[in-house]
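The block underneath contains the structure these notes are about, expressed in structure tokens.
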Amino acid sequence: MVEGFKITAQKLKRILKVSISLPSGYDQNQDDYPCVLAFDGQLLFDFLDEKTKKMDLNVSASHSRTIVVGIHSPKIEAWRMSELNPYYNGNDTSVEPVLSIIYFDYIIYDLLPYLKRKYRISDDLYVLGFNEGCIAASYMQYHYKLIKGMGLFNPPLNLVNDKFYEDIENKFDENKKIYLYRGDKVDGEITDFYNFYIRLMAKKPIYSKIDYVSDSNNNYDGFEKYLGSFIEFIEEK
């Protein structure tokens, strides 16, 4: 079951669109559920907008006992990048990384309390990102104690500066869950990803999982196939 709403986010200076996937049987009990905050939420529900048809969360995680909150990104790419990448090191001068901190604070201090009033969300809160959304998820993992873990699908490590790795060294919490996905059916540079993985594992996280799949696509088709793997991982006790 998928619901949605739009909210005027004055701090973000835009209308924020949110899509909510509720687990099967949600209306038949009074249980609280773990929650995933997913960046680029418009990509999770392929029936919402054919122009951005990418994935179908309902197929990937149809038996989940987790609420998934898809937070839609702005359509203007520089604005999207400004919200998702506080570690930006690219050449686009229209990107303003400082906006990402405002965005993350809005999610935690404004959007999340609203969601908790509306839905039965437990304290098991996770973040999920695809491509650039991974950078946002990583920042929130390190800077907000409420976050219990993250799922990263193909992090674009060429877009981050040294502060990204400094946060791993200085703010790492071994109790937080880490899920990584990379498909390698399409040729591409894996050195950055491998080094990133080594850095994370050197910190000895208690709960971690990697799906490095040599015969899977490193694109939305591949992401869709392994979304269920991420959900199952965070639901494990």
**Failed item in (1) within 14 Å of Asp192 (Cα to Cα); (2) in contact with a helix residue (DSSP H, G or I) (Cβ under 6 Å, 6 or more places away or on another chain), with Ile147 passing the rest** = (1)
**Asked** Among the residues of the range 216-233, is any small (Gly, Ala, Ser) and in contact with a Gly (Cβ under 8 Å, 6 or more places away or on another chain)?
**Response** yes
**Prompt:** Does Glu83 satisfy the condition of being touching a Ser or Thr at 6+ places or on another chain (Cβ under 7 Å), touching a residue at least 24 places away in the same chain (Cβ under 8 Å) and more than 25 Å from Tyr33 (Cβ to Cβ)?
**Reply:** yes
**Prompt:** Among the residues of the range 73-80, is there at least one that is on the phi < 0 side of the Ramachandran plot, touching an Asp or Glu at 6+ places or on another chain (Cβ under 6 Å) and not in a helix (DSSP H, G or I)?
**Reply:** yes
**Request:** Look at the range 205-224 and say how many of its residues are touching a Phe, Trp or Tyr at 6+ places or on another chain (Cβ under 9 Å) and of a type in the set (D, E, K, R).
**Result:** 2
**Positions within the range 103-118 being under 15 Å from Ala136 (Cβ atoms) and buried (at least 16 other Cβ atoms within 10 Å of the Cβ), in sequence order** = Tyr103, Phe104, Tyr106, Ile107, Ile108, Leu111, Leu112
**Complete:** Of the residues in the range 28-53 that are in a loop (DSSP other than H, G, I, E, B) and buried (at least 18 other Cβ atoms within 10 Å of the Cβ), the one that is modelled with the highest pLDDT is Asp40
**Prompt:** Of everything in the range 186-211 that's in a helix (DSSP H, G or I) and of a type in the set (Val, Ile, Thr), which residue is modelled with the highest pLDDT?
**Reply:** Ile198
**Item:** Filter pass, Lys171 being modelled with pLDDT of 90 or more, in contact with a helix residue (DSSP H, G or I) (Cβ under 6 Å, 6 or more places away or on another chain) and closer than 16 Å to Ala137 by Cβ
**Value:** yes
**Prompt:** Would it be correct to say that Tyr197 is without any contact (Cβ under 8 Å) to a residue 24 or more places away in the chain, touching a strand residue (DSSP E or B) at 6+ places or on another chain (Cβ under 8 Å) and aromatic (Phe, Trp, Tyr)?
**Reply:** yes
**Message:** Given (1) at pLDDT below 90; (2) outside any strand (DSSP E or B), identify the lone condition not met by Glu3.
**Reply:** (2)
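Every residue, every condition in (1) crowded, with 17+ Cβ neighbours inside 10 Å; (2) under 17 Å from the mean Cα position of the chain (by Cα); (3) among the aliphatic types (A, V, I, L, M), yes or no:
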position: Arg120; (1), (2), (3): no, no, no
position: Tyr126; (1), (2), (3): yes, yes, no
position: Phe130; (1), (2), (3): yes, yes, no
position: Ala136; (1), (2), (3): yes, yes, yes
position: Glu166; (1), (2), (3): no, no, no
position: Tyr179; (1), (2), (3): yes, yes, no
**Asked** Does the range 109-131 hold any residues that are modelled with pLDDT of 95 or more and farther than 26 Å from Ser24 by Cα, and which are they?
**Response** Tyr109, Asp110
**Asked** Which residues, counting only those in the range 86-129, are among the basic types (Lys, Arg) and without any contact (Cβ under 8 Å) to a residue 12 or more places away in the chain?
**Response** Lys116, Arg117, Lys118
**Item:** Matching residues in the range 184-237 - criterion: being surrounded by 17 or more Cβ atoms within 10 Å (Cβ to Cβ), hydrophobic (A, V, I, L, M, F, W, C) and farther than 20 Å from Gln141 by Cα
**Value:** Val213, Phe223
**Request:** Specify which of the listed residues (Asn154, Asn89) is out of contact with any Asp or Glu (no Cβ under 7 Å at 6 or more places or on another chain), modelled with pLDDT under 95, of a type in the set (S, T, N, Q) and surrounded by 17 or more Cβ atoms within 10 Å (Cβ to Cβ).
**Result:** Asn154
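The values are calculated or read from the model by the stated rules, or taken from the named source; none is laboratory data. Not measured: the values here are computed from a predicted model. Neighbour counts run over all protein chains shown; Cβ positions are idealised from the backbone, glycine included.
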